[in-house]
Each structure stands twice: as structure tokens, then as C-alpha cells.
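Chemist: Supplied in C-alpha cells, the structure appears directly below.
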Amino acid sequence: MASLKGLCIFSKNVTIFLSKSRTQVSAFFTLFFFTLTLLIFIIFFSSPSAVTTKILASRLHSHSFSSIHEFDFVPVSDTHTTSSTVSAPTNFPTKSWNFDVTIQEEDKSCDIFDGEWVQDNDLHPLYKPGSCPFIDNSFNCFKNGRRDTEYLKLKWKPHGCEIPRFDGLKMLKMLKGKRLVFVGDSLNRNMWESLVCALRNSLIDKNRVNEVSGHRQFRSQGFYSFKFKDFKCSIDFIKSPFLVQEWRFSDKAGARRETLRLDTIHGSLTKYHDADIIIFNTGHWWTHQKTHKLNNYFQEGNHVYNRLEVTDAYTKALKTWAHWVDTTINSTRTRVFFRGYSASHFKGGQWNSGGNCDGETKPIINETQLGPYPWMMRVLESVISEMKTPVVYLNITKMTDYRKEGHPSIFREAKSKRRPGMFQDCSHWCLPGVPDSWNQLLYATLLQSQQKFSHPK
């Protein structure tokens with residue numbers, strides 16, 4: 001009896017113990033599986049590849065596509081890569097071309113067209129005043145009697161980076177076997193003469209530059225060329241102030257008439273579409289009197305507009321140029337540049353109504369005194385942004401607006417030829433002078449394919 005009673009007590013205690021054990025075991029396994037699930041979650045979502053992909057995707061998304069990278073003058077994506085390809089955009093940014101620079105902070109860039117002119121008394125021009133025989137008399141201010149030289153002691157300094165000093169010999173080596181063509185108005189001729197003289201000055205034997213076409217051919221065909229023999233390269237200029245075709249015909253009464261064919265590219269351009277580098281410009285002739293007459297001047301097809309605003313005509317012309325570039329130029333062979341509008345500084349009138357700038361010896365210093373941004377450049381930027389061909393936009397508008405003292409003014413003519421009331425030139429630039437800085441930026445652009453700029457210390 002006692003044994004049976006003891007057995008019952010033992011059985012009851014075992015039942016109580018097992019009941020408590022089940023609760024503990026259940027709690028243990030619940031905690032175990034929760035911990036295991038948490039570990040799997042952490043391991044899976046913290047894998048290096050997943051984290052790296054997330055970071056790179058964030059960088060790619062936030063990175064600006066307005067930077068130029070090594071070798072090609074085409075905007076490209078961030079240099080980091082992931083397993084998926086990030087395509088480069090085909091449209092050129094609407095602002096001026098930006099450059100990557102080698103600085104301490106990562107992913108910085110520098111707009112070389114945003115800066116200021118600084119005095120540098122140790123600065124020497126790319127060629128001595130009066131030393132280059134290829135400068136037009138109207139640009140040769142030194143030859144025509146200008147003796148102040150402070151305008152030659154100003155250096156363009158971008159905000160945030162240093163641009164390399166022009167090296168003519170190095171540029172000739174980059175252009176070896178190539179053809180560089182300027183196409184546009186007389187402001188591009190200004191830049192073309194500056195480059196030819198700067199490159200010539202780098203040669204020991206200055207006679208190794210050949211004039212391929214003379215003044216007579218230029219006047220009849222609007223074409224001029226210089227060849228650098230030792231480098232088998234040519235630097236050409238094609239006169240095409242509108243980029244589209246000027247048209248002359250006789251009306252029904254037999255009178256000679258002139259129109260501007262907004263839908264037809266300038267005829268000479270078709271001969272040079274395969275050049276290695278083409279630098280276009282147009283602008284100043286759209287402000288001339290004949291384009292502002294508005295009536296019966298602009299033509300598309302057989303239709304001559306009785307009246308068309310210059311803004312609309314300019315837009316149509318640029319779209320014709322853009323279509324020609326996109327359908328004719330092979331962008332894998334030819335690099336296309338477009339130089340922006342160069343500022344004029346007429347006071348008291350325009351070029352043909354008493355406007356003047358003589359006596360100016362100092363540049364504009366205060367940015368608030370600069371003129372408004374030209375409407376033509378906003379149109380240009382809009383057209384370029386829709387092109388499939390990469391276009392390097394040399395936006396020199398702001399840097400030229402400061403330089404009211406850099407024009408020939410009365411020194412467009414020799415003293416013996418000056419007359420009271422003569423037209424002054426406040427549009428073009430003395431050579432040497434401001435266009436030399438444009439070519440320094442062009443050189444920097446070409447040099448970018450070989451090295452990156454250093455950050456100022």
C-alpha cells in the first residue's frame with residue numbers, strides 16, 4: 001500500500017516536471033528559429049555585392065553627365081561600372097562644356113568658360129605684336145599704331161581649375177595628318193588667324209608654313225588655307241556667315257534680288273564635312289541691317305516670307321545646320337565644335353551709326369555691368385540639346401563681354417587712312433589679343449584626351 005502511494009506521488013512529480021520541460025523546450029525552439037531567421041536575413045541583405053550595387057547605383061544616379069572624360073569629346077557616365085551597362089547620353093548639355101579635374105575631392109568638375117580675367121605682368125602673348133604676316137590689317141592693331149599693351153597682360157582664369165599654357169608644338173603634334181576647319185563669319189576668321197599665328201610661332205623655321213590659297217581665291221570662293229609641311233596638317237577657314245545659303249535671283253521684272261535660304265546649308269560646307277575637326281559659328285550677321293529689314297528676305301523652298309522675325313529665321317537656320325551635321329558628318333571621325341557669340345562694345349550707336357569704343361584701355365571688372373545673355377545663344381543651346389551628334393560648345397560669350405578694351409576701334413586702319421566719322425570696329429578683336437584665349441581653351445579641350453587638369457593650390 002505504501003509502495004503504491006509512493007508510486008503515485010512519483011508519477012505526479014514526473015508529470016509536473018515534463019509539463020514544465022515542454023514549456024521550456026518550446027520557448028527554446030521558438031527563440032532558436034527566430035535567431036536563425038534573423039541571421040539569415042542579416043547575411044542575405046548585407047552581402048557585399050548587394051551593398052556595392054546599391055552604392056554604385058546611387059552614385060550613377062546622382063552623377064552629372066555634363067563632364068568630359070578622357071579621350072572622347074562626348075559626355076559619358078560615371079567611371080564606376082556595375083553589371084549593367086549605363087549608356088552615355090547623346091545630347092550635349094545646354095550649358096558650357098565642363099571638364100573633370102584632378103583635385104582632392106572626388107567627382108569635382110570645372111567649367112573653363114566660367115571665370116575672370118586676371119592681371120599677369122609676366123604674361124607674354126602667344127606671338128609678338130606685329131610678328132605674324134597672316135593677320136588682316138584690320139585686326140593688326142599694333143601695325144596700325146596702337147601702343148598701349150595692358151590688354152595683352154590679362155589671363156583668363158576659370159573658377160576652380162588651372163588651364164594649361166598653350167603649347168603650339170604639342171598642338172601641332174596632336175593635329176599631325178589632320179585637317180582643322182573654321183566655318184562661319186569674320187569672328188571665326190579672327191580666331192582662325194590667331195591659331196595659325198600661334199602655331200607658326202612655335203616653329204623654328206617659320207617658312208615651313210604654306211599658304212595654300214591666296215587673297216584672290218578667298219575673295220572669290222570664301223576659302224583660305226594654311227598647311228604646316230612638317231606635320232602634314234592644314235588649318236582652313238570657310239566664309240559662311242549664316243551657315244545657310246545666301247541666294248540671288250532675278251524677279252519677274254528682271255530686278256536682282258537677294259534672299260537667305262533657311263532650308264539650305266551653305267554650298268561650300270559639303271566639300272569639308274570629312275575634316276577631322278570643324279569649328280562653326282554664326283551670330284553677328286543676324287544683327288545686321290539686312291536681316292532686320294524682315295520683309296521679303298527669308299526664304300524656304302519657293303516661299304519667300306513677306307515678314308519673318310529674326311528669332312524665328314535664326315532658329316530655322318540652325319535647325320537646318322543641325323540636320324546637316326546629324327545626317328552628313330561621321331562623328332566617329334569628325335569632332336564638331338560650335339563657338340558661341342562674341343560680345344560687341346559699341347557706345348553711342350551701332351557699327352554703322354556712330355558707335356565707338358576708342359579710348360578704352362581697361363576691361364569691365366564688375367560682373368553686374370555685363371550685358372544680358374544673348375538670345376541667340378539660348379536658341380543655339382536648345383538646338384544643340386536635340387542633336388544626336390556630340391557638339392562641343394565653346395561658350396566664350398561671358399569671357400568676351402568683360403573685354404571692352406580689346407577691340408581694334410580706330411586701329412582697324414592705319415593712321416594715314418583714318419578720317420573723321422570713320423566706322424570703328426568694336427566687334428572684332430586685336431591680334432594678338434582675346435581670340436588667343438579662345439584657342440588656349442580649344443587647345444585645353446584637345447589636350448584633355450591626354451591628361452587631366454590640376455587643381456590650383
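The values are calculated or read from the model by the stated rules, or taken from the named source; none is laboratory data. Every value quoted in this text rests on a predicted model; they were computed, and no experiment measured them. Cβ atoms come from the backbone with ideal geometry, glycine included; neighbour counts cover every protein chain shown. Each accessible area value is taken on the protein alone, full model and side chains, heavy atoms only, with ligands, DNA and RNA left out. Shrake-Rupley method; radii C 1.70, N 1.55, O 1.52, S 1.80 Å.
Chemist: Give me the net charge of residue 299's neighbourhood, meaning all other residues with Cβ under 9 Å from the Cβ of residue 299; Lys, Arg count +1, Asp, Glu -1.
Modeler: The answer is -1.
Chemist: Could you work out how far the C-alpha centroid of region 269-343 sits from that of region 134-206, in angstrom?
Modeler: If we compute the Cα centre of each part, the gap is 25 Å.
Chemist: With the dipole of region 343-457 worked out from charges on the C-beta (+1 for Lys and Arg, -1 for Asp and Glu) around the Cα centre, which of 397, 361, 373 lies farthest toward the positive end?
Modeler: So the residue we want is 361.
Chemist: How would 171, 422 rank on accessible area, largest to smallest, probe 1.4 Å?
Modeler: Largest accessible area first, the list is 422, 171.
Chemist: Next question. Enter the accessible area per residue of region 159-300 (Å², integer; probe 1.4 Å; all protein chains in place).
Modeler: 45 Å²
Chemist: Net charge around residue 179, counting only other residues with Cβ within less than 9 Å of its Cβ (Lys, Arg = +1; Asp, Glu = -1)?
Modeler: Around residue 179, the surrounding residues sum to -2.
Chemist: Determine the gain in length on full extension of the stretch residue 174-residue 255; use 0.36 nm per residue of separation and subtract their C-alpha separation, reporting nm with one decimal.
Modeler: That pair, residue 174 and residue 255, stretches by 24.0 nm at full extension.
Chemist: Take the solvent-accessible surface of the protein heavy atoms, probe 1.4 Å, and return the percent of it on region 114-231 that carbon and sulfur atoms account for.
Modeler: C and S fraction of accessible area: 45 percent.
Chemist: Mind giving me the nanometre distance, one decimal, between the label points for residue 386 and residue 162, set 7 Å out from Cα along Cα→Cβ?
Modeler: 4.3 nm
Chemist: In region 292-322, which trypsin sites (Lys or Arg not before Pro) fall in coil by DSSP and have 16 or fewer other Cβ atoms within 10 Å?
Modeler: Sparse-neighbourhood loop trypsin sites (Lys or Arg not before Pro): 293.
Chemist: Along the Cα-to-Cβ line of residue 369, 7 Å from the Cα, sits a label point; which residues in region 114-151 have backbone N less than 16 Å from it?
Modeler: 116-119, 151
Chemist: Amide H neighbours of residue 298 under 5 Å, counting only residues 5+ apart in sequence or on other chains, H built in-plane at 1.01 Å?
Modeler: Correct list: 260, 305.
Chemist: Still on this structure, I have one more. Write down the accessible area per residue of region 361-457 in Å², having rolled a 1.4 Å probe over the full set of protein chains.
Modeler: Each residue of region 361-457 exposes 43 Å² on average to a 1.4 Å probe.
Chemist: Hey, rough spin-label estimate for residue 114 and residue 330, points 7 angstrom out along Cα→Cβ, what's it come to in nanometres?
Modeler: Computed distance between label sites residue 114 and residue 330 equals 3.7 nm.
Chemist: To continue, here is another question. What are the radius of gyration and Dmax of region 360-457, computed over its Cα atoms and given in Å?
Modeler: Radius of gyration, then largest Cα-Cα span, for region 360-457: 17.6, 52 Å.
Chemist: Considering the options 275, 291, 265, tell which one lies farthest towards the positive end of the dipole of region 251-325, charges being +1 on Lys and Arg and -1 on Asp and Glu at the Cβ, about the Cα centre.
Modeler: So the residue furthest toward the plus end is 291.
Chemist: With a 1.4 Å probe and all protein chains left in place, how much of the accessible area of region 235-356 comes from carbon and sulfur atoms, in whole percent?
Modeler: With neighbouring chains kept in place, the figure for region 235-356 is 46 percent.
Chemist: So what's the net charge close to residue 117: Lys and Arg +1, Asp and Glu -1, counting the other residues with Cβ under 9 Å from its Cβ?
Modeler: +2
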